[in-house]
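I have placed the structure first, in the form of structure tokens, so that the comments after it can refer back to it.
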Amino acid sequence: MTMLFSLIEKVDWTEPGFGAFNFSGICGLSLSQGMNNISVLQNAYDNGLIKYNMFGFGVSSDLSTPGELVLGGYDESYFTGDLQWHDVMQDQSYGILYMLNGTGVKVNGQFLKLPCAEFRNCSFLVDTGGGLFDIAAPGFPSLAVESDCSNVDQLPTFSIFIDNNEYEFTPADYILKIPNPNGSGTICVSTALGGDATDGYVDIAGWFFHKYYAVFDRQNQVVGFAPRN
């Protein structure tokens with residue numbers, strides 16, 4: 001199998017990002033769009049290197065345990081119950097993005113107005129490469145936490161709904177306690193962003209995948225989620 005890659009030798013604005021982590025590049029697994037935009041996964045499938053045109057993605061809730069990426073299938077041992085499948089929205093303006101049908105946002109049991117920005121049309125973006133689970137909607141509260149963890153009990157429980165299937169997050173799900181790098185004890189860090197916005201958005205990324213295993217079935221244009229073990 002041959003595959004043409006682009007090599008970026010130096011771009012000033014990427015240096016801080018790449019310098020802070022132990023990686024030297026990004027290989028995207030987005031949808032293919034036409035003959036001039038064929039992904040690595042599509043090429044591998046077309047050449048018989050993987051059985052199925054899909055991949056599974058799981059991130060451990062324990063930071064000391066590695067997650068996994070399965071190309072050509074998925075690992076059932078990583079999740080419980082059945083996968084809930086969602087159709088990828090067929091809209092040319094979304095191009096190669098995995099966009100799902102967002103049907104609700106709820107905070108502490110109360111539904112909010114959907115974040116239906118004109119360019120999103122109530123769709124939620126799924127991005128395994130994103131750093132933070134990000135929700136902006138009319139009336140959505142901040143998810144910021146004090147480093148000393150003093151306001152954890154005041155933070156909200158929230159849910160997003162995709163095709164009317166609920167995915168809930170409590171503060172225990174999105175607040176991460178880590179060793180204090182400047183002393184003893186622990187500090188709290190929020191792994192999700194929340195904000196009040198008239199025309200908002202939902203980016204399913206980052207810590208979402210610590211709670212839910214994801215399967216991207218490119219052949220059938222669906223994405224599945226199930227609770228992580």
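Return the pairs, sorted by first residue and then second, in which the second residue is surrounded by fewer than 18 Cβ atoms within 10 Å (Cβ to Cβ) and part of a strand (DSSP E or B), the first residue lies in the range 216-229 and is of a type in the set (A, V, I, L, M), the beta carbons are less than 6 Å apart, and the residues are 6+ apart or on different chains.
Listed pairs, sorted by first residue: Val222/Trp85; Val222/Asp87.
Restricting the range 194-216 to residues that are over 19 Å from Gly130 (Cα atoms) and out of contact with any Cys (no Cβ under 8 Å at 6 or more places or on another chain), which is least open to solvent (accessible area, probe 1.4 Å)?
Of the range 194-216, the ones over 19 Å from Gly130 (Cα atoms) are 196-199.
Within this subset, residues satisfying the condition of being out of contact with any Cys (no Cβ under 8 Å at 6 or more places or on another chain) are 196-198.
Details: Asp196: 117, Ala197: 26, Thr198: 111 Å².
Only one residue fits best here, namely Ala197.
Looking at Thr157, is it exposed (fewer than 14 other Cβ atoms within 10 Å of the Cβ), at pLDDT 90 or above and touching a Ser or Thr at 6+ places or on another chain (Cβ under 6 Å)?
Details: exposed (fewer than 14 other Cβ atoms within 10 Å of the Cβ): no; at pLDDT 90 or above: yes; touching a Ser or Thr at 6+ places or on another chain (Cβ under 6 Å): yes.
No, not satisfied.
Among the listed residues Val189, Val126, identify the single one that is under 30 Å from Cys27 (Cα atoms), at pLDDT 90 or above and surrounded by fewer than 16 Cβ atoms within 10 Å (Cβ to Cβ). Spell out the reasoning first.
Working: Val126 fails: surrounded by fewer than 16 Cβ atoms within 10 Å (Cβ to Cβ).
Going through Val189, Val126 in turn, just one is under 30 Å from Cys27 (Cα atoms), at pLDDT 90 or above and surrounded by fewer than 16 Cβ atoms within 10 Å (Cβ to Cβ): Val189.
Mind listing whichever residues of the range 56-80 are among the hydrophobic types (A, V, I, L, M, F, W, C), within 23 Å of Tyr174 (Cα to Cα) and outside any loop (DSSP other than H, G, I, E, B)?
Matches in the range 56-80: Phe57, Leu69, Phe79.
Restricting the search to the range 131-190, which residues are in contact (Cβ under 8 Å) with a residue 60 or more places away in the chain, closer than 18 Å to Lys106 by Cα and assigned to a loop (DSSP other than H, G, I, E, B)?
Pro138, Phe140, Asp163, Asn164
Which of the following residues is open to solvent by 80 Å² or more (accessible area, probe 1.4 Å) and at pLDDT 90 or above: Asp87, Asp75?
Asp87
Can you spot a residue in the range 3-21 that is at pLDDT below 70, surrounded by fewer than 14 Cβ atoms within 10 Å (Cβ to Cβ) and among the polar types (S, T, N, Q)?
Checking the range 3-21: at least one residue is at pLDDT below 70, surrounded by fewer than 14 Cβ atoms within 10 Å (Cβ to Cβ) and among the polar types (S, T, N, Q).
The values are calculated or read from the model by the stated rules, or taken from the named source; none is laboratory data. The shown structure was predicted, so the numbers you read here are calculated from the model rather than taken from an experiment. Cβ coordinates were reconstructed from backbone atoms using ideal geometry, including for glycine residues, and neighbour counts include every protein chain displayed. Protein only, heavy atoms only, side chains kept; ligands, DNA and RNA dropped before computing areas. Shrake-Rupley method; radii C 1.70, N 1.55, O 1.52, S 1.80 Å.
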